[in-house]
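Participant: Supplied in structure tokens, the structure appears directly below.
Nothing in this text is a laboratory measurement; each read-out follows from the coordinates by a stated rule. Keep in mind it's a predicted model, so treat the numbers as computed, not measured. Virtual Cβ from ideal backbone geometry, glycine too; neighbours counted across all protein chains shown.
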Amino acid sequence: MYQGVIMSGFGGQGIISAGILLAYAGMTDGKYVTFFPAYGAEMRGGTANCSVVISSEEIASPVVAYPDTLVVMNEPSLARFEASVRKGGLFLINSSLVAGKPKREDVKVQYIQANEIAEKMGTTKIANMVMIGAYSKLTGALSFEGLKKSLQKVFPRASQEIIDLDSEALKKGMEAV
């Protein structure tokens, strides 16, 4: 099993934190992982993306030039990374903020109203967790238990209430697909 994923959005959407969670969950599930973040000129509001590889075998390079999955949290991310996804790959699109549609017909596309789901739960700050839940369910790359166990490691200063909310957002993402 090999799953190269690019997560992209603007600073403040928790893109880098989500990538770290994917990597920790992969390790928790006993897989090989790499994590490679990239930031725009500004942190909050600028562009942010990260590459994560989750594999059952050793990984030769952390670079994900042609991802199997693209997680799109904002409109500019779709335009920037659409062409790079492998034929037959998967687009997970936050349809709450992305009005555009991929032009390609050789990929699978799943629209998730991540911000709306998160807002109904009380805060849009967990929209990234909704998308990770959807990613986990659709790809099978990570287990829910691995994700749940990794929350405390990735967010060590978070209260139990926040960890529980993140866990619930992961479930909601899984239910949305």
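Participant: For the chain, what mean projected area does the convex hull of the alpha carbons give, in nm²? Can you show the working numbers first?
Facilitator: Details: hull surface 36.8 nm².
Average of the hull's projected areas for the chain equals 9.2 nm².
Participant: If you filter region 93-177 for trypsin sites (Lys or Arg not before Pro), then keep DSSP loop positions with at most 16 other Cβ within 10 Å, what is left? Walk me through the numbers on the way to the answer.
Facilitator: Numbers: sites: K103, R104, K108, K120, K125, K137, K148, K149, K153, R157, K171, K172; in loops: K103, R104, R157.
Listed in order of number, the matching sites are K103, R104, R157.
Participant: Only helices at least 30 Å long along their own axis, judged from Cα atoms, and with Kyte-Doolittle mean hydropathy of 0.0 or greater: name those in the chain from DSSP H.
Facilitator: Numbers: long enough: none.
TM-like helix candidates: nothing returned.
Participant: Turning to a different aspect of this structure: Give, rounded to the nearest 20 debye, the magnitude of the charge dipole that region 33-119 has about its Cα centre when Lys and Arg contribute +1 at Cβ and Asp and Glu contribute -1 at Cβ.
Facilitator: Working: 8 positive and 10 negative charges, 51 e Å.
Magnitude of the dipole: close to 240 debye.
Participant: Additional query: Given the rule -39500 (n - 2.57) for each run of at least 4 DSSP H residues, summed and divided by the residues of the chain, what is its mean residue ellipticity at 222 nm, to the nearest 500 deg cm²/dmol?
Facilitator: Numbers: 6 runs with 68 residues, N = 177.
After summing the helix terms and dividing by the residues of the chain, the value is -11500 deg cm²/dmol.
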